[in-house]
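J.: I'd like to ask some things about the structure below.
Since every read-out is calculated from the coordinates, none of them should be taken as a lab result. The structure displayed is predicted, hence computed values, not measured ones. Cβ sites come from the backbone with ideal geometry, for glycine too, and all protein chains shown count toward neighbours.
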Amino acid sequence: MMTDMSNRFDTLIVGMGASALKCADELLRMGRKSVGILVDDALDGTSRNAGSDKQTYYKLTLSGNGGDSVHEMAETFYSGGCVDGPNALTEAALSAACFLRLCELGVQFPMNRYGEYIGYRTDHDPRNRATSAGPLTSKQMTEALEKNVREKGACFIEKRMAIRIVVRDNQAKGVICIHTETNELEVYSANHIVWATGGPASIYQNVSYPVRHTGMSGAPILAGAAACNVTEWQYGLGSISPKWNVSGTYMQALPRFVSTDKDGNDGRDFLLPYFENESDMLLSIFLKGYQWPFDARKAEKGSSRIDLAVQGEIQKGRRVFLDFLNNPVPGLIDFSSLNAEAYSYLEKAGAFLDTPIQRLAHMNQPAIDFYMSKGVDLHTEKLEIALCAQHMNGGIMVNEWWESEIKSLFVIGECAGTHGVYRPGGSALNAGQVGGARSARKISFSKERLPDPVNADGEISELAGIIEKCMSGKSNLSELAFEESSLMSKYAGAIREKSEIDALIQRNTRLLQHFTEYVHISSKKEIPGLFRFFDTLVSRLTVASGIKEYIKSSGVNRGSSVYTENGAPDSFSDTDPYFDSIQEIRLKDGVFHTSIRNRLPIPSQDDFFENVWREFRQGKW
Ligand SMILES: Cc1cc2nc3c(=O)[nH]c(=O)nc-3n(C[C@H](O)[C@H](O)[C@H](O)COP(=O)(O)OP(=O)(O)OC[C@H]3O[C@@H](n4cnc5c(N)ncnc54)[C@H](O)[C@@H]3O)c2cc1C
């Protein structure tokens, strides 16, 4: 085990995505020196590997004459339901500063000739607050931040997978990790831990998360932190290989949807029965372009019928593909049958062309080039898709400093649960930057110092015992991981089958409680995977337990989920009785406890300048 000084830091950041690097950037800017960034693999994570045809960043309006304000933006976040007001206000308040910092570091957000950072309207956005640096906005952000942080001298501790947070008297003291090359356990001590491991992607099989991302949300839950809103996710249509959202022009090009048997034979059109007629179906395909996330409110009459139809085929054991060579209706499309919005868009784009691939090439050739660069030629091949988990809106509950219920344990980025039922597209990246900035600010209130080494002998011997017992013959790790994540996608994703949730919980509880009996590995190389699976079980159980309680208390179709009973969706309601509530969930003595509280309102402050200035000078927060 490492014993030198480099295993102690004033602040230890776990993860190296956009949020983690933002936190490091702020700490270094404020003159902190003892900042460690611990990461399993520097090239992993969602920020670095995900994108879409135009990856969105949501920010305060910085162009035009339409007006905007911090409080108005906070209201937009708050109006998504189940969002705490202090988080909404802070995400709005720091939006401009965080965005401009990225511009300063070289992220290519477009401006007009007068320097206005122009925007467009995204989903759940009453203004034009969205912007984009292209298909790989979050990659650009991550690289720009990393370059700066490396130049400023942060200490990177690579090839380390954090698996446990060491807590004493409700205060975070350190992190236990596995060296992913030597497979040895190591302990790092810190006065402040910033957990930035991204969304818990591995709980599902069908995901748009990049292959290089799994997440590690179970560790803060095991450490005693509360989670909130874990029922709330974003699901949408994504290609399976490569993993990529098929939003925007992929849908506006009006491809054909075809389902096949397991071997890719018996191709069938299946969408039409979900729609009133062909033009209703064509319009919904078109609208899926900007209405990408599955939305319960659009599941009965709107564009989300497409997602339901796709999931319906997959539930039957079939596979679904997008075919860009053929139209979704026999022969050519009669564009005059489209509604005014779709007609005028395609007309303006000059895209009244014969086939989907021609329309896509005309409107967005890079969208075709992207797949080509990943070995998929849309001119000759069909693209396999599924209804995929893309983002967790809930997560570990944090206050307005992004500090969890465990003192000095900050949770930022997608791992933190600051979004509610609905959120504007692009607000995840904004929230990650704000969480990074806020946690750094709170940390900067304390004097920097090296911590005393934490004694984690008890935890280390428990973990070593798990390894020893699981190293017992033929490995079943990938098999178990596949089985459980597939069931989660089938029954507890966008479509949640009430009668299956208990069984899911029982299976995963059994696996967790009797982990060393059921889970086997055959070599030391599998140790990181073993603990990733352990963590996935904790995260999955947290989500499934949250769903179970939600069904008991309300079960109203909302957000990106629809609840079914023996396959039939519940009735759709316009009112959500829990819109102003937060579901909290904690793990105590091996049992998940769920409770519901009223959400916190948006704070109304005394903004009289001299008063605030005095408080600021006196550090009175
Ligand atoms: C296809 C797709 C499209 C998206 N489009 C948008 C969009 O348009 N707008 C938007 O706002 N959001 C979008 N998102 C969401 C957004 O990209 C993510 O929420 C965000 O990038 C997460 O950043 P993060 O810093 O929290 O985590 P990540 O970028 O996932 O980073 C997590 C880091 O933690 C490390 N790590 C994980 N576990 C461990 C461990 N145990 N020990 C050590 N290190 C660990 C990883 O290696 C990685 O460095 C999209 C997501 C997907 C999947």
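J.: Based on the alpha-carbon set only, what is the convex hull volume of segment 1-151 divided per residue, in Å³?
T.: About 143 Å³ per residue, rounded to a whole number.
J.: Taking amide H positions as placed in the peptide plane 1.01 Å from N, state which residues far from Ala416 in sequence (5 or more) or on other chains have amide H under 5 Å from it.
T.: Hits under the 5 Å cutoff: Ile396.
J.: If you don't mind, another one. Determine the dipole magnitude for the chain: charges of +1 sit on the beta-carbon of Lys and Arg, -1 on that of Asp and Glu, nothing else is charged, the reference point is the Cα centre, and the result goes in debye to the nearest 20.
T.: The dipole magnitude comes to about 1060 debye.
J.: Within segment 301-351, list the trypsin sites (Lys or Arg not before Pro) lying in a DSSP loop whose Cβ has at most 13 other Cβ atoms in a 10 Å radius.
T.: Of the trypsin sites (Lys or Arg not before Pro), the ones in loops of segment 301-351 whose Cβ has at most 13 other Cβ atoms within 10 Å are Lys301, Lys316.
J.: How large is the dipole of segment 235-389 about the Cα centre if only Lys and Arg carry +1 and Asp and Glu carry -1, each at its Cβ, rounded to the nearest 20 debye?
T.: Charge dipole, segment 235-389, about its Cα centre: 420 debye, nearest 20.
J.: Would you calculate, for the chain, the mean residue ellipticity at 222 nm contributed by helices, counting each DSSP H stretch of 4 or more residues as -39,500 (n - 2.57) and dividing by all residues, to the nearest 500?
T.: Rounded to the nearest 500, it is -11000 deg cm²/dmol.
J.: Sticking with this structure for a sec: Could you tell me which of rounded, prolate or oblate describes segment 235-389, using a ≥ b ≥ c as the square roots of the eigenvalues of the alpha-carbon gyration tensor, with rounded for a/c under 1.5 and, failing that, prolate when a/b is larger than b/c and oblate otherwise?
T.: Taking the square roots of the gyration eigenvalues as a ≥ b ≥ c, segment 235-389 is rounded.
J.: So what's the chain giving for Rg/Rh, alpha carbon basis, Kirkwood Rh from the mean inverse pair distance?
T.: Reported Rg/Rh (Cα atoms, Kirkwood Rh): 0.96.
J.: In segment 235-389, if the dipole is taken from +1 on Lys/Arg beta carbons and -1 on Asp/Glu beta carbons about the Cα centre, which of Tyr343, Ser241, Leu378 is farthest to the positive end?
T.: Value computed over the given set: Ser241.
J.: If the cut-off is a Cα-Cα distance under 12 Å, which aspartates and glutamates reach Lys548, setting aside same-chain residues fewer than 8 apart in sequence?
T.: Glu497, Glu500, Asp502
J.: Which entries of Lys316/Lys524; Lys147/Lys442; Lys498/Lys524; Lys159/Lys469 have Cα-Cα distances beyond 32 Å here?
T.: Lys316/Lys524; Lys498/Lys524, as the Cα separations exceed 32 Å there.
J.: Run through segment 516-621 and list the trypsin sites (Lys or Arg not before Pro) located in a DSSP loop whose Cβ has at most 10 other Cβ atoms within 10 Å.
T.: Answer in residue order: Lys620.
J.: Convert each backbone phi in segment 148-158 into a coupling constant with the Karplus relation 6.51 cos²θ - 1.76 cosθ + 1.60 (shift: θ = phi - 60°), then list the ³J(HN,Hα) values in order as whole Hz, x for Gly and Pro.
T.: Whole-Hz 3J(HN,Hα) from phi for segment 148-158: 5, 5, 5, 4, 7, x, 5, 9, 9, 10, 9.
J.: Right, here's the next one. Can you tell me which of 215-221, 353-359, 152-158 comes out highest on packing, and rank the rest after it, using the mean Cβ neighbours within 10 Å?
T.: 215-221, 353-359, 152-158
J.: Which one, Ile501, Gln108, Ala544, is farthest towards the positive end of the dipole of the chain when Lys and Arg carry +1 and Asp and Glu -1 on their Cβ?
T.: Checked the options; the winner is Gln108.
J.: Let me ask another. I need the chymotrypsin sites (Phe, Trp or Tyr not before Pro) found in segment 403-509, filtered to DSSP loop residues with at most 14 other beta carbons within 10 Å of theirs.
T.: Qualifying residues, ordered by number: Phe445.
J.: What dipole magnitude, in Debye to the nearest 20, does segment 544-606 give about its Cα centre under +1 on Lys/Arg Cβ and -1 on Asp/Glu Cβ?
T.: My answer is approximately 240 debye.
J.: What are the ³J(HN,Hα) values, in whole Hz, obtained from phi via the Karplus relation 6.51 cos²θ - 1.76 cosθ + 1.60 with θ = phi - 60°, for each residue of segment 378-387 in sequence order, with x given for Gly and Pro?
T.: In residue order, the calculated couplings are 5, 6, 10, 10, 8, 10, 6, 10, 8, 8 Hz.
J.: Let me ask you something else. Aspartates and glutamates near Lys288 by alpha-carbon distance under 12 Å, same-chain residues fewer than 8 away left out - which ones?
T.: Once the sequence-local aspartates and glutamates are set aside, what remains near Lys288 is Asp123, Asp307.
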